[in-house]
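Taking it in order: structure first as structure tokens, then the write-up.
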Amino acid sequence: MKIAVIGAGAMGLRYGILLQEAGNNVDFVEPWEPSYRTIMEQGGVYVSRDHKNQHLVPVNIYRPAEYRQTPDLVILFVKQMQSEEAMKACSHFIGERTYVLTNQNGIGSVDVIQKYVPDQHIIAGIALIATVLDTPGKVDFMGAKGAGHTHLVNVTEKPDTFTHQVVEEFQKAGMNPTLQTNYMGTLWGKLLMNSVINTLCTLMDITMGQYVSYSGAHKLTRQLIDEGYAAGVADGVRFMQSPEEMAEMIEHESSQVNPLHRPSMYQDMVNGRPTEVDYINGYIVKVAKKHHLKAESHELLVDLLHLAEQAQQLKESLGEKKV
């Protein structure tokens with residue numbers, strides 16, 4: 001399969017490299033110039049697993065304007081706030097038969113993708129795979145080989161032949177895909193997980209395992225899930241798990257699967273990049289308000305996260321002045 005991955009960040013690199021190792025023809029299209037230059041100069045991407053066995057993996061990488069091939073599948077893996085700009089810059093190589101897949105955090109990118117391809121060519125879903133971008137062109141796959149899993153779902157909720165081919169390639173790549181037929185239920189399940197783990201671990205500067213070891217973690221998790229669940233139900237979401245099952249999933253992922261992992265929101269924070277909190281907790285607040293519901297805990301977390309972002313920027317500014 002001919003695949004173009006838009007975005008050579010942590011998850012884009014993991015998806016692309018695993019699919020390349022599974023025998024697919026993969027190209028990376030990188031809008032972020034520092035990353036593009038680094039990977040070109042290195043001749044590839046330095047990959048390690050759990051901080052060990054670092055090695056160089058050769059990859060093909062292009063700037064958006066210079067990529068002229070027509071892939072079967074485009075995988076969009078930039079930050080939510082960058083989706084519009086990235087899709088616009090890459091629209092010239094999306095053919096009539098090209099499918100676009102997104103497993104980005106939060107909700108919102110599908111609305112952007114729909115401007116460029118029909119619904120029947122959009123595959124969404126979620127990634128339960130921990131990955132860290134140490135620096136541009138240097139990525140760390142967290143967990144044993146074959147760890148983690150993905151959920152894929154057509155926006156139309158009607159899987160076609162090509163979608164099944166994508167699922168097969170994901171399986172070959174060790175990404176443990178599950179094909180779902182509940183579009184919003186799939187996305188909201190991960191949204192609620194991220195609204196707890198990503199945001200709280202970032203604010204408290206702790207790992208997922210440290211969070212769930214807190215004696216009040218279950219109560220706090222349920223408080224956030226219950227607010228989000230009520231907003232989703234009011235918006236017509238057919239959840240695939242109960243609130244209690246979601247809490248148990250968060251506790252299992254955090255204590256057993258990735259206890260040492262710091263979520264992507266934390267990685268953005270410490271590297272001075274804008275976080276996706278407005279597309280996660282902020283999205284829940286937006287939906288709740290639409291239905292005249294309260295999501296005060298999520299609203300507070302959005303404000304606290306933005307305050308933390310500002311504090312981080314101030315620290316960096318003061319550090320630069322000291323130098």
- Just how far, in whole angstrom, is segment 19-50 from segment 238-305 if you go by their alpha carbon centroids? 29 Å
- Near VAL29, within a Cβ-to-Cβ distance under 14 Å, what is the net charge of the other residues, with Lys and Arg +1 and Asp and Glu -1? -1
- Note on the structure: Residues other than ILE197 with Cβ under 11 Å of its Cβ, Lys/Arg counted +1 and Asp/Glu -1, net out at 0
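Going by the alpha-carbon gyration tensor, a ≥ b ≥ c the square roots of its eigenvalues, is segment 139-241 rounded (a/c under 1.5) or, if a/c is not under 1.5, prolate (a/b greater than b/c) versus oblate?
Numbers: a/c = 3.24, a/b = 1.31, b/c = 2.48.
Oblate, because a/c is 1.5 or more while a/b does not exceed b/c.
If a helix is a whole DSSP H run, which ones in the chain reach 24 Å or further along their own axis (Cα) and hold a mean Kyte-Doolittle hydropathy of at least 0.0?
Working: long enough: 183-204 (32 Å, 0.87); 217-234 (26 Å, -0.08); 296-322 (39 Å, -0.64).
The answer, listed by residue number, is 183-204.
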- Taking amide H positions as placed in the peptide plane 1.01 Å from N, state which residues far from VAL57 in sequence (5 or more) or on other chains have amide H under 5 Å from it. VAL45, TYR46, VAL47
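Note down the relative contact order for the chain as a percent, whole number, built from C-alpha pairs under 8 angstrom at least six residues apart.
On the way: 582 pairs, mean separation 47.7, N = 323.
Computed value for the chain: 15 percent relative contact order.
Using the Kirkwood radius built from alpha carbon pairs, what does the Stokes-Einstein equation give as D for segment 255-297 at 20 °C and 1.002 mPa s, in µm² per second?
Details: Rh = 12.3 Å.
The calculation lands on 174 µm²/s.
Hey, how much of the P(r) for the chain falls beyond 35 Å, as a percent of Cα pairs?
Working: 8943 of 52003 pairs.
Tail of P(r) above 35 Å: 17 percent of Cα pairs.
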- Excluding ARG63 itself, what net charge comes from residues whose Cβ is under 13 Å from its Cβ, given Lys and Arg +1 and Asp and Glu -1? -2
- Message: Please list, in order along segment 64-69, the HN-Hα scalar couplings obtained from phi with the Karplus expression 6.51 cos²θ - 1.76 cosθ + 1.60 (θ = phi - 60°), rounded to whole Hz, x for Gly and Pro.
- Response: x, 5, 9, 8, 10, 7
- Return the long-range amide H neighbours of ASP27 (sequence gap of 5 or more, or a different chain), with a cut-off of under 5 Å between placed amide H atoms. ILE3, ALA4, VAL5
- Message: At 0.36 nm per residue, and after removing the present C-alpha to C-alpha distance, how many nm does the segment from LYS52 to SER215 gain when stretched out fully?
- Response: 55.4 nm
- Task: Could you work out, for segment 2-181, what percent of all Cα-Cα pairs fall into each 5 Å distance bin, beginning at 0 Å and stopping at the bin that holds the largest distance?
- Result: 1, 9, 19, 23, 22, 16, 8, 2, 0
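In whole angstrom, how long is each semi-axis of the equivalent ellipsoid of segment 185-322, when you take the square root of 5 times every eigenvalue of its Cα gyration tensor and sort them from largest down?
Working: eigenvalues 139, 70, 26 Å².
Square roots of five times the eigenvalues give 26, 19, 11 Å.
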- Message: Please report the antiparallel percentage of DSSP beta bridges with both residues in the chain, rounded to the nearest 5.
- Response: 35 percent
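Here, each number is a calculation from the coordinates, and none is a lab measurement. Every value quoted in this text rests on a predicted model; they were computed, and no experiment measured them. Backbone-built Cβ (ideal geometry, glycine too); neighbour counts: all protein chains shown.
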